[in-house]
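As structure tokens, the structure follows; a few thoughts come after it.
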Amino acid sequence: MIDLFDGHCDTILKCYLEGMSMCRSPGHLDLERTRKFGRYAQFFAAFGSPEDMPGRALWEVFLEEAALLQRELEANSDRVALCRTGAEAEAAFQAGKAAAFFSAEGAELLDCDLEKLRIAHKMGVRAVNLTWNHPNALSGTNAKEQDRGLSEQGRAFVREMDALGMLVDVSHLSDPGFWDVIEVSTRPIIATHSNSRSVFFNTRNLTDAQFTAIIKKNGVAGLNMYAGFLGEAPDIDTVIAHLERFLSLGGERNVALGGDWDGCTRLPEGIGGIQDMDKLYEALLRRNYSEELVRGLFYTNLMRVVNEVCNM
């Protein structure tokens, strides 16, 4: 069986907005479909934007989504457990369960506040995107205020994440913000769902220099399955093209999966949801990629970074 650790999904938001269950859903991911994998781990992101919920305080949205995640985990406690460390994930696997890790997409969910960051850490959050598409007090984004890097508040936020043992996620961040994180953080960093800008130009994707910097930080970038970040008419071969660009830069230990499941409107041809990731696995083996490299992409590389950073 294939082991799989994916760095990003918006399934909690979909459950929150549409009343779905994590167990079975019409979206891209649910616990029934992921039973086909061996060891399965997933970062579930809390997320909210003014477009989705105008007038709502995003901290309250975060707390409500955290409570929803807890209810879903309790309702499915026979098949999934909340995990904070690699060791807790291994214990879940030994018990025949999947490992659910908790993340926050956009520090505005935490009001960009250090005390709320600490509260989120106590609640189990182990990765935070500093921004989503909207600029916040920490930084500009890839979509707006693209020339603005980390503020002093943003630098303090990164330093506190390092101290707490939380993964700094640079997906959605502005280019100057990315380079500021590289300067400030002393830990491996992640870009949970970002592809190669050299293969397909989009400011949501990583430049070669950025991915090389992630390598030097011993971090990972997760391949995003959203068609809009892959190419004009993407398929599984297009996904492999992004992988091959990262591999050409020396990233064998630094590429993972970050499907953006339930957070995107269109997937590449041949991929209907996370259940189809075995097609990518088999396509890579047919191209004579080693089992070790493919296992790294699907599981080992992201778990390595979790073990290095999320140890508290």
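For the chain, which whole-number percentage of the solvent-accessible area (1.4 Å probe, protein heavy atoms only) is attributable to carbon and sulfur atoms?
Details: 5660 of 11570 Å².
That fraction is 49 percent.
Per the Debye formula on identical point scatterers at the alpha carbon atoms of segment 1-137, with no solvent, log10 I(q)/I(0) at q = 0.10, 0.17 Å⁻¹ is -0.31, -0.89. Residues within the reach of a label modelled at A233 (point 7 angstrom out along Cα to beta-carbon, backbone nitrogen below 18 Å), restricted to segment 254-279, are 266-271.
Residues H193, H28, sorted by accessible area with the largest first, give H28, H193 [1.4 Å probe; ligands and nucleic acids excluded].
Starting from 0.36 nm per residue, how many nanometres of slack lie between T186 and E269 once their C-alpha separation is accounted for? Could you put the intermediate results ahead of the total?
Working: separation 83, 0.36 × 83 = 29.88 nm, distance 3.89 nm.
Extra length available between T186 and E269 comes to 26.0 nm.
Three principal axis extents describe the C-alpha atoms of segment 152-228; from largest down they are 35, 21, 20 Å. The heavy atoms of D235 present about 50 square angstrom of accessible area, all protein chains included, probe 1.4 Å.
Ratio of alpha-carbon Rg to the 2.2 N^0.38 Å globular estimate for segment 71-133, to two decimals, please.
Details: Rg = 13.4 Å, N = 63, 2.2 N^0.38 = 10.6 Å.
Taking N as the residue count of segment 71-133, the ratio is 1.26.
For the pair A75 and A156, label points projected 7 Å from Cα toward Cβ lie 4.0 nm apart. The Rg/Rh ratio for segment 157-312 is 0.95, where Rg is the radius of gyration of the alpha carbons and Rh is the Kirkwood radius.
If I take R0 = 41 Å and measure r between the Cβ atoms of K122 and R287 in this structure, what FRET efficiency does the formula 1/(1 + (r/R0)^6) give, to the nearest 0.05? Could the numbers behind the result be given before it?
Details: r = 44 Å, r/R0 = 1.08.
Efficiency computed from Cβ-Cβ geometry: 0.40.
Give me the accessible area per residue for the chain, probe 1.4 Å, as a whole number in Å².
For the chain, the per-residue accessible area is 37 Å².
The alpha-carbon of K116 sits under 26 angstrom from the alpha-carbons of these lysines, leaving out residues fewer than 8 places away in its chain: K14, K144.
Using the Kirkwood radius over Cα pairs, work out the Stokes-Einstein diffusion coefficient for the chain at 25 °C and 0.890 mPa s, in µm²/s as a whole number.
Values: Rh = 19.0 Å.
Taking Rh from Cα pairs, D becomes 129 µm²/s.
Annotation: lysines with alpha-carbon distance below 16 angstrom to K279 (same-chain offsets under eight excluded): K36.
Which value results for Rg/Rh of segment 70-213 when Rg is the Cα radius of gyration and Rh the Kirkwood radius based on the inverse mean 1/r? Provide the component values of the computation, followed by the final result.
Values: Rg = 16.1 Å, Rh = 15.9 Å.
Rg divided by Rh gives 1.02.
A straight line joining the Cα centroids of segment 235-272 and segment 69-148 runs 22 Å. Annotation: extensible slack from D113 through T300 equals 64.1 nm (criterion: 0.36 nm per residue apart, minus Cα-Cα distance).
The values are calculated or read from the model by the stated rules, or taken from the named source; none is laboratory data. Everything numeric in this text was worked out from a predicted model, so none of it was measured. Heads up, the Cβs are rebuilt from the backbone with ideal geometry, glycines too, and the neighbour counts pull from every protein chain shown. Just so you know, the surface numbers come from the protein's heavy atoms only, side chains and all, with ligands and any DNA or RNA stripped out. Shrake-Rupley method; radii C 1.70, N 1.55, O 1.52, S 1.80 Å.
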